[in-house]
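Here is the structure we will look at.
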Amino acid sequence: MRRQILQMAALGVSFALLMAGCAGSVSKQDSTGANIAAGKNADSKAGSAAGSGKSDTAAEWEAAVHTPLGKYPETVTYTLGKISGANNSNLPVGDTYEDNAYTRYLKEVLNIQNENVFELEAGGSYEEALEMNIADRSIPDVLVVNGRDNLEKLVEADLVEDLTTVYEECTTDAIKEMYESYGADLLGSATFDGKLYAFPNTAIDDGHMLLWLRADWMEELGLEEPQTMDEAMQVIRTFVEKDIAGNGQTIGLACSTSIIAGSSETYGVDGIFTKFGSSPEKWVLDDDGQVVYGSVTEETKEALGYLNQLYEDGILDSRFLLRRTENIDELLANGYCGAIFGRWWAPNNPLSLSYSADNTAEWKPYLFAEDVQNQVQTFESYDEWMYVVVRKGYDYPEIVGKYVSAIFDYSRYEDDRYASEVNDYFSINVDPTARPMNINVDYIDALYRCGENLQKALQGNMSVTELSGLEKSYYNTCRSYLNGNLTTANGWAAYASRIQAVEVLDSTGTRKKPAISLGSADGEIPQNLQDLESETFLKIIAGEEPVDYFDTFVAEWYAGGGEELTEKVRASYAETDKD
């Protein structure tokens with residue numbers, strides 16, 4: 001629940017607010033067409049453009065303004081406030097945030113172009129910049145907003161456009177299906193007084209946390225594959241006791257001091273908590289139907305006790321309290337670590353570090369069905385989600401709907417002519433922050449859809465022509481890897497993540513429960529309680545406090561503001577549930 005902004009800082013993420021002008025430009029209409037809603041004033045736009053000599057025909061402007069894929073007769077430029085990624089988002093040499101596969105594609109298909117990226121000064125914060133822009137009543141034409149609270153501030157300040165009609169007219173049926181796959185809560189988080197003011201990011205189901213083990217080490221030591229979590233922990237114990245890496249360098253299960261990785265950090269031990277039916281740092285529904293903070297439950301206490309035993313037995317990295325993420329990265333690259341928890345995408349980051357250094361390192365994912373049978377229901381407050389808004393008064397608010405339709409539908413499922421460069425970005429591990437508007441839009445089960453289709457195609461049970469553009473890109477990479485023609489880390493990572501990991505996730509027959517809305521409550525945990533939680537967890541795991549110290553922590557957590565916060569969250573959920 002923490003920490004979008006903190007995560008970005010940790011990853012070297014910088015925020016950019018763009019201030020410049022706009023203009024207006026050619027042809028490709030949505031083949032399915034779109035209904036023109038009454039009251040949309042495209043005629044005045046077209047007439048104005050035509051009168052200035054900037055438009056080919058009013059009909060082309062009409063199609064562009066009212067359809068998902070109608071191309072502007074003249075280039076429409078827009079100023080953009082976005083989030084940029086570390087290392088230039090891993091863009092190929094020569095590509096920039098204003099000139100890359102995405103922007104070139106958007107220019108070709110829609111004739112739109114983002115301009116003028118200005119990074120914040122060192123030490124400046126996103127929150128401060130946003131507050132300043134709200135106070136000055138000046139925001140870029142299009143802005144990526146971090147968190148629903150910030151979105152609400154912009155709406156209350158009357159600075160952003162109502163995008164209800166944009167969503168109805170300028171998104172394809174597939175985009176609407178994608179949003180609808182999350183239920184009503186996701187779009188509802190961007191809706192105020194019945195009006196949609198932003199396009200929200202979608203968070204596809206990444207599945208459960210997997211345990212990744214060095215299979216080549218198991219084979220070298222003559223170990224059988226684990227069938228349970230306990231057996232897997234004994235495998236790791238053997239790695240350490242036999243010092244498989246040599247020279248006393250072998251460490252046990254990698255673990256960061258954050259303990260919980262969530263959806264985007266690395267080196268957490270979330271899988272252990274899942275085994276005990278615990279979900280720390282999330283609001284959850286307990287067996288009595290009451291909302292409770294997941295870090296203060298008895299299940300969490302049990303998980304901490306298990307982790308303490310792993311630490312005492314030398315299975316959990318004995319020096320984990322001293323490690324930084326970059327230190328663990330080095331351990332992987334040097335071949336000293338053979339066990340981490342990670343999402344399906346772990347082969348891309350961080351396991352590619354291991355493979356790049358030694359392509360004989362064979363990492364294999366594990367998930368034990370008994371550990372994921374009894375899932376806890378979690379809640380989502382949308383306080384960390386990204387949204388895209390349009391400045392009120394901007395002449396072309398529809399470009400957001402058109403952008404989403406072109407990038408997340410047309411380029412993936414229909415366009416074989418221009419989209420190959422865009423889809424190739426996935427296979428070469430370009431970070432999503434390279435996109436002009438950082439959000440991702442996809443089906444909630446997109447991971448499983450893609451994995452199933454790739455498996456069928458690789459096995460010859462589906463024609464490659466039936467694959468989406470994204471899937472074709474992964475198919476080509478995986479096929480080349482399997483044929484021995486692609487030996488890079490990217491080739492291995494594509495196969496290990498999209499095929500092996502997804503196959504393991506699907507084999508349990510248990511997908512994660514979608515989070516449900518927390519309502520209007522602010523479920524953010526105050527910093528003093530976050531610090532208390534972190535210190536307590538680390539002390540218990542490292543044996544500095546007994547497991548029963550957890551009870552003292554719970555009492556202090558409630559007394560320190562947790563009780564009042566819990567009551568507010570419960571009241572909000574009760575009101576939401578009633579609706």
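Taking the conditions (1) assigned to a loop (DSSP other than H, G, I, E, B); (2) modelled with pLDDT under 95; (3) surrounded by fewer than 20 Cβ atoms within 10 Å (Cβ to Cβ) in turn, Pro140 satisfies each one other than (3).
Listed here are the residues, each with its yes/no results for (1) of a type outside the set (Ser, Thr, Tyr); (2) out of contact with any Cys (no Cβ under 7 Å at 6 or more places or on another chain).
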| position | (1), (2) |
| --- | --- |
| Thr300 | no, yes |
| Asn308 | yes, yes |
| Glu312 | yes, yes |
| Leu316 | yes, no |
| Thr325 | no, yes |
| Gly335 | yes, yes |
| Gly338 | yes, yes |
| Trp345 | yes, yes |
| Asn348 | yes, yes |
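Within the stretch 415-460, the set of residues being of a type in the set (A, V, I, L, M) and either in a helix (DSSP H, G or I) or open to solvent by 20 Å² or more (accessible area, probe 1.4 Å) (or both) comprises Val422, Ile428, Ala434, Ile444, Ala446, Leu447, Leu454, Ala457, Leu458.
Select, from Leu321, Leu310, Leu304, Leu331, the only residue that is part of a helix (DSSP H, G or I) and open to solvent by 50 Å² or more (accessible area, probe 1.4 Å).
Leu321 is the lone residue from the list that is part of a helix (DSSP H, G or I) and open to solvent by 50 Å² or more (accessible area, probe 1.4 Å).
For the stretch 101-118, taking the residues that are in a loop (DSSP other than H, G, I, E, B) and among the polar types (S, T, N, Q), the one that is modelled with the lowest pLDDT is identified as Asn116. Take the stretch 209-219 and flag every residue that is closer than 15 Å to Gln500 by Cβ and either in a loop (DSSP other than H, G, I, E, B) or of a type in the set (Phe, Trp, Tyr) (or both). Across the stretch 209-219, the qualifying residue is only Trp212.
Residues checked against (1) among the acidic types (Asp, Glu); (2) at pLDDT 95 or above; (3) open to solvent by less than 10 Å² (accessible area, probe 1.4 Å):
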site: Asp185; (1), (2), (3): yes, no, no
site: Lys195; (1), (2), (3): no, yes, no
site: Glu220; (1), (2), (3): yes, yes, no
site: Asp230; (1), (2), (3): yes, yes, no
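Of all the criteria given as (1) of a type in the set (Lys, Arg); (2) closer than 23 Å to Tyr410 by Cα; (3) at pLDDT below 95, the one not satisfied by Lys153 is (2).
Table: residues versus (1) in a loop (DSSP other than H, G, I, E, B); (2) small (Gly, Ala, Ser); (3) surrounded by 17 or more Cβ atoms within 10 Å (Cβ to Cβ).
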| residue | (1), (2), (3) |
| --- | --- |
| Ser256 | yes, yes, yes |
| Ala261 | yes, yes, yes |
| Glu265 | yes, no, yes |
| Gly268 | yes, yes, yes |
| Ile272 | no, no, yes |
| Ser279 | yes, yes, yes |
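Of the residues making up the stretch 537-559, just one is open to solvent by less than 40 Å² (accessible area, probe 1.4 Å) and among the small types (Gly, Ala, Ser), namely Ala542. Filtering Glu128, Glu121, Glu98 for residues that are modelled with pLDDT of 85 or more, surrounded by fewer than 22 Cβ atoms within 10 Å (Cβ to Cβ) and among the acidic types (Asp, Glu) leaves a single hit, Glu98. Within the stretch 338-355, the residues that satisfy the criterion of being crowded, with 23+ Cβ neighbours inside 10 Å and more than 18 Å from Asp270 (Cα to Cα) are Ser354, Tyr355.
Among the residues of the stretch 163-188, those identified as of a type in the set (Gly, Ala, Ser) and either over 19 Å from Ile204 (Cα atoms) or in a helix (DSSP H, G or I) (or both) are Ala174, Gly188. Among residues of the stretch 153-174 that are more than 18 Å from Asp141 (Cα to Cα), those with a beta-carbon under 9 Å from a residue that is polar (S, T, N, Q) and in a helix (DSSP H, G or I) at least six positions away or on a different chain give the pairs Thr171/Ser405; Thr172/Ser405; Ala174/Ser405.
The values are calculated or read from the model by the stated rules, or taken from the named source; none is laboratory data. Note that the structure is a prediction, hence the values are computed from the model and not measured. Neighbour counts run over all protein chains shown; Cβ positions are idealised from the backbone, glycine included. Note: accessible area is taken over every heavy atom of the protein model, side chains too, but ligands, DNA and RNA are not part of it. Shrake-Rupley method; radii C 1.70, N 1.55, O 1.52, S 1.80 Å.
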